[in-house]
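The values are calculated or read from the model by the stated rules, or taken from the named source; none is laboratory data. It should be emphasised that the depicted structure is a prediction, and the values quoted were computed from it without experimental measurement. All Cβ positions, glycine included, derive from the backbone under ideal geometry; neighbour counts span all protein chains shown.
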């Protein structure tokens, strides 16, 4: 046994594992970000009955890559008279914090079936007991990225944008935190995994015991969810709360003076925080990785393959329409792969190990599905809703969301007390 | 040298550097940033001591609210670098030595009296969080309510202070 | 313990008037008279009812067992071994007083509703009146000297307020002040007396105090011996003199007539002024232990009686006459106390309350009838015009003159009897008392004749005389009845029966005077002779008055002219006020102006204060330069302060910390 | 295990630096920040002591942390009011320099 393996079997291995996990997650998330932009543009285009990106690759599938290249190779201009340090710090701050918040999100119930040099491989980077608090701390710091960017640009519009956004984020952070307290009361824990586990099982034998509808040990959190989601949208400066970057008034808001990759950082930060928020919604209110159906309905375990196989077949069919290499080869290949995976999972009915795999991916499948739904919701909102006026924004934040969420806390607390009473 | 010690020294160095740069930086924003650094590293220290809840609150409230307020105000008032004036002498030659003496004195006292206290930390995060909340609502319930009242008063005071004077 | 609801909650009796006073005083301003009446009357009436009930309970449950009712409600002052609680007690003496106060008070309240109907400050009047009732009740119910003193001062205050009721009139406010100040002198003595008592007996509680004296049978101090007891008694009596307008402190009472007539009736005739007598009677045990004190009390009482009577002869203001007669009657009561006949004194107190209240009220009715005129020289011939007033007032006059079988006959008679019986050089007092009786009969009938007989001396075109409303006449009638039958409790004594009144009071005063009777038969003859003598004197007085003021109305002027100096002296009340002004007031004023004000106040006190102020300014001038106004310098100072504090706190630790280093250095 | 004295000394140093900043800085906001720094130092001492306390019943051990919470709350309130005052001063004096704010003398 050589020294490397010994090192790896010691807790050095833990660090290595963590590092690998981080790298993996970064890769995935960044890719997802890239395709999220594509997805967004497509959906909005459909809503506005346009075609959307379709030049670069079929369905513009290579558009994100093109954008990335553009970001990289554009001239990195720095306006004069800026505070260099802060100017550079801001985008880093934004991106780092946005990505860091993903570290505490658990993507699956149980660790991978194999060990990494004797270290168990969980589906999260870290799972602190105060996971939610950590998340909130990170979001709390998230303000600086935008505020400092706005200030450092040494220009009117960014300054105003920064001021607006910092005010907005600080205000909505309150109601966001408040609206979650209900869930915390019901779960009696800050740990995200605990919160999810509390939501497992069914009520009335058929409905999933998700916080949003479940009375179990408390009060259903539909109000809390609405408050949370609205303030989360505001927190991520998305439509209809994207005043910090209100084009019509502030050119491009706090990142007016940022170009090329620094701009990309803000961009990625925004989309990453979208992902974080979506997963939070899924975890806190929609039962995380818990299936929509009762565990006894084993049929539903084959839902993934039921989705994957047709989708893969469609991709093959669609790809064959193209004359390009890409169309002729890659798309069908991709489709075949997807369909194949689906088929394998389906084969789990007869083959025991595959069955285990199928069982194993249930959790991640459901969680990712929910996250996807909320991301779609984001896009949907962007496609439909007009932007608020600033005073309206503040009124909603302080006079509507905050009181409502506080009321929600009180009611929930009362119910929890009532339930826990002997 | 246990990993805890290493982490401690890292964070301690970070915080001291932050504090120093708070003094040395000319521009308020930079001072604010360095103060944020101090606070975050202090939060790290709290984590090290197993006071997870306090650490989180430290970051959320200090980092996420108070310092944001500072930055916000700095931006609002568009504060520039601070300019030198004749009065700086007094501070430099009067205040600086005194403050340093204060530091030394404190440190000495701490060392001496600290010798008595032994370190028996039991990092038990969630339990401590629960216990803290228990304490807050049992032993310290009156102070707790009082602080809520204090905050109310502070809010009103801030409003009264900050509102633009009415154009009669 | 039989159930005695009121007796166990004795505090209700004084509290009710207080409530009335508070309600009227705070909210009465806006209210119509009706409501104010309701409040005032209901409060007093209720407290009268409560008093009756309380007395009933006392007589039925407590009295037979031969002890007194006494209850401590709450501690008021507790300091070291000194305790003054809010303790109320009820014994036979209290019973009499309470009934008199509440009863007469209630009647006078009713009367006032009619009399004050057209006055301003209606609510104020009743608030004060109720307040007075409260304090008076406290006074009579108190179970220790301290609480009694509260009532004592309180009634003083009420009387001050009520004398100065028409405070716009300078004379009125002056009279109020005068009353207050003169009373202060008395109270001064009273307090000294209390202190002395406390210093000797370490308690001011009636029960304990008297117990101590009787138990450890305290030595009787003979005539001329100035022991502690004598001094205490004299001091207490000084207070009594102030309150009850005895020589030399009587001067305030005549001026007190500036107040509304019901006030004169209630406070300055029926109740408050008798407080002095009450106190002396209450502390009779002390007085009985000091011959000197008794002598002084008796002499002063007697002297006052005569002296006031003589002044009363020539007064022309109807209320002034009554005032002086009050003073002289009070003199009688003190005479009684002086000769040790406390029972008789209290008896006369009660009857006097009836007829003197009646007199005043009737006089008020007269004044009311002829539109505010008080000078008897502008009255006359009112007999026909205001029958009821006349009738009642005539009864009262007969009563005070001591015509049997009216009340005052018995009371005054018993006083004189006791005075005569008392061994050892007391006869002069008896004779002076007799003479006073004569004078009393004379001036009272002079008053009646001047007022009701002869020709009208007011111009009948402007003043049209009218009888008062029944709200005023009712009380008159009631009081008239009382002053007729008021004395009969003592009547049987004349026919060898026993004096029920003194029987009733016996538990309090002991049957001292009864024991004085040597043998029955002799005593009987003596009583009859004295009674006859008294009546005869009274009749003489009446006849002289009749002769002078009805037969030859011119005669009095001639008389006055013929003996000018005496007349002048009497008319000017022996120049006593002037004497006081010259002897006391002016020196005082001079002193306060030239010494206290110009020297002490201006130089010493103001000087000190201003000096301190100037010093502060000077210091500030020097120090203010540290106040650069520069915030950072302040910051530096703050740091210095922090440094100092930490240094002080941690000094021992640091010492221990530094010491080894020093040791190393020294090595 | 990090000895408690280390934390205490660190907090002393931070406090001292805060004091230094308090006297040498000229910008009102910065001075205000230095106050916050001192508060933080105190908090550190609190937490250090609390974790060094033996774990008695009634949670004496955690009193220090509770105090920290109180300190933070008070600091928040103070920041709100203080910054309000600063904004006013800046409006009236047209400057954030502490030496320009010298109306504190008679």
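All of C:546, C:567 fail the test of being at pLDDT 85 or above and under 21 Å from residue C:437 (Cα atoms), apart from C:546.
Only one entry of A:167, A:187, A:264 meets the criterion of being surrounded by fewer than 24 Cβ atoms within 10 Å (Cβ to Cβ), more than 25 Å from residue B:63 (Cβ to Cβ) and within 14 Å of chain B (Cβ to nearest Cβ), and that entry is A:187. From the list C:490, C:534, which residue is assigned to a helix (DSSP H, G or I) and either modelled with pLDDT of 75 or more or surrounded by fewer than 18 Cβ atoms within 10 Å (Cβ to Cβ) (or both)? Answer to the check: C:534. Scanning segment C:3-20 for residues that are at pLDDT below 80, part of a loop (DSSP other than H, G, I, E, B) and surrounded by fewer than 18 Cβ atoms within 10 Å (Cβ to Cβ) turns up just one, C:3. Tell me, yes or no, whether segment B:121-138 has at least one residue that is within 7 Å of another protein chain (Cβ to nearest Cβ), modelled with pLDDT under 75 and not in a helix (DSSP H, G or I). Within segment B:121-138, one or more residues are within 7 Å of another protein chain (Cβ to nearest Cβ), modelled with pLDDT under 75 and not in a helix (DSSP H, G or I).
Does segment A:377-394 include one or more residues that are surrounded by 15 or more Cβ atoms within 10 Å (Cβ to Cβ), touching a residue at least 60 places away in the same chain (Cβ under 8 Å) and not in a helix (DSSP H, G or I)? Yes, some residue in segment A:377-394 is surrounded by 15 or more Cβ atoms within 10 Å (Cβ to Cβ), touching a residue at least 60 places away in the same chain (Cβ under 8 Å) and not in a helix (DSSP H, G or I).
When each of C:417, C:438 is tested for being in contact (Cβ under 8 Å) with a residue 24 or more places away in the chain, farther than 18 Å from residue C:526 by Cα and touching a helix residue (DSSP H, G or I) at 6+ places or on another chain (Cβ under 6 Å), the lone residue that passes is C:438. If the condition is being surrounded by fewer than 21 Cβ atoms within 10 Å (Cβ to Cβ) and within 11 Å of chain B (Cβ to nearest Cβ), then segment A:144-155 contributes only A:154. Return the residues of segment C:227-260 that are under 20 Å from residue C:134 (Cα atoms) and more than 14 Å from the chain's Cα centre (by Cα); say none if nothing qualifies. Correct list: C:259, C:260.
Among the residues of segment C:552-587, the ones that are in a helix (DSSP H, G or I) and without any contact (Cβ under 8 Å) to a residue 12 or more places away in the chain come to 22 in all.
Every test in (1) modelled with pLDDT of 60 or more; (2) buried (at least 18 other Cβ atoms within 10 Å of the Cβ); (3) more than 8 Å from chain D (Cβ to nearest Cβ) is passed by residue B:148 save one, and that test is (2). Quick one: is residue A:93 at pLDDT 85 or above, surrounded by fewer than 17 Cβ atoms within 10 Å (Cβ to Cβ) and more than 19 Å from residue A:378 (Cα to Cα)? The answer is no for residue A:93. Read through the list (1) within 13 Å of chain B (Cβ to nearest Cβ); (2) under 30 Å from residue B:70 (Cα atoms); (3) assigned to a helix (DSSP H, G or I), then give the number of the only condition that residue A:231 fails. Residue A:231 satisfies all of (1) within 13 Å of chain B (Cβ to nearest Cβ); (2) under 30 Å from residue B:70 (Cα atoms); (3) assigned to a helix (DSSP H, G or I) except (1). Exactly one residue out of C:371, C:380, C:364 is surrounded by fewer than 23 Cβ atoms within 10 Å (Cβ to Cβ), farther than 25 Å from residue C:556 by Cβ and touching a residue at least 24 places away in the same chain (Cβ under 8 Å), and it is C:371. Among the conditions (1) surrounded by fewer than 22 Cβ atoms within 10 Å (Cβ to Cβ); (2) modelled with pLDDT under 85, residue B:91 misses just one, which is (1).
Taking segment A:349-371 as the range and being free of Cβ contacts under 8 Å to residues at least 24 places away in the same chain, out of contact with any helix residue (DSSP H, G or I) (no Cβ under 8 Å at 6 or more places or on another chain) and either in a helix (DSSP H, G or I) or within 27 Å of residue A:44 (Cβ to Cβ) (or both) as the test, the residues that pass are A:352, A:353, A:355, A:369. One residue stands out among those in segment D:23-47 that are over 20 Å from residue D:74 (Cα atoms) and assigned to a helix (DSSP H, G or I): the one that is farthest from the other protein chains (Cβ to nearest Cβ), which is D:24. Can you pull out every residue in segment C:419-437 that is buried (at least 22 other Cβ atoms within 10 Å of the Cβ) and closer than 26 Å to residue C:547 by Cα? Across segment C:419-437, the qualifying residues are C:433, C:436, C:437. Each residue in segment B:12-38 was checked for being facing another protein chain (nearest Cβ under 8 Å), assigned to a helix (DSSP H, G or I) and more than 19 Å from residue A:101 (Cα to Cα), and 15 of them qualify. Quick check on residue A:53: is it assigned to a loop (DSSP other than H, G, I, E, B) and either surrounded by 15 or more Cβ atoms within 10 Å (Cβ to Cβ) or more than 14 Å from chain B (Cβ to nearest Cβ) (or both)? Spelling it out, residue A:53 is indeed assigned to a loop (DSSP other than H, G, I, E, B) and either surrounded by 15 or more Cβ atoms within 10 Å (Cβ to Cβ) or more than 14 Å from chain B (Cβ to nearest Cβ) (or both). Within segment D:3-22, none of the residues are surrounded by fewer than 19 Cβ atoms within 10 Å (Cβ to Cβ), modelled with pLDDT of 85 or more and more than 7 Å from chain B (Cβ to nearest Cβ).
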